[in-house]
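So the structure is just underneath, and the comments pick up after that.
Readers should treat all values here as calculations from the given coordinates under stated rules, not as data from a laboratory. In this text the structure is predicted, and so the values were computed from the model without any measurement. All Cβ positions, even for glycine, are placed from backbone atoms using ideal geometry, and neighbour counts span all protein chains on display.
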Amino acid sequence: MSTRLVAQECIPCRGGIPPLRGAELAQLAEELGSDWDIIDEHHLEKEFAFPNFVTALAFVNLVGNLAEEQNHHPDLMLSWGRAMVRIWTHKIDGLTESDFVFAAKAEKLFEETS
């Protein structure tokens with residue numbers, strides 16, 4: 001996990017910029033340093049594993065609180081012992097650095113609660 005990314009705040013996208021592609025995505029993925037998947041250069045996705053439903057739900061609630069705090073709202077999917085987080089910037093229908101910032105912050109929440 002990148003401490004640089006964790007220390008940043010998500011910056012709302014106003015549009016008018018192209019989504020990140022190629023080498024820029026690869027560099028941020030390397031900096032993120034965890035097993036997040038970049039899907040079709042469009043979104044970040046990771047499934048987190050938990051010992052039961054209650055802990056998975058608690059994590060989803062923490063990520064939801066983080067989303068409100070950062071004004072950056074991922075798709076969250078919850079099932080028994082699993083939570084999926086999917087992130088992208090809707091305004092440009094692709095990825096920005098803020099998506100990686102949010103992923104790093106979610107990763108830190110997971111590490112702190114596991």
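For the reader, a short list of remarks on this structure follows.
- For the pair Glu9 and Glu41, the difference between a 0.36 nm per residue extended length and the Cα-Cα distance amounts to 9.3 nm.
- Given charges at Cβ of Lys, Arg, Asp, Glu: the stretch 3-113 dipole, positive-most of Val101, Gln70, Ile87: Gln70
- The chain, relative contact order [Cα under 8 Å, separation at least 6], %: 38
- Cleavage-rule hits (chymotrypsin sites (Phe, Trp or Tyr not before Pro)) in the stretch 62-114: DSSP loop, at most 10 neighbouring Cβ within 10 angstrom: Trp80
- Size-normalised alpha-carbon gyration radius of the chain, reference 2.2 N^0.38 Å: 1.01
- Helix-only mean residue ellipticity at 222 nm for the chain, each DSSP H run of n ≥ 4 adding -39500 (n - 2.57), per residue, nearest 500: -14000 deg cm²/dmol
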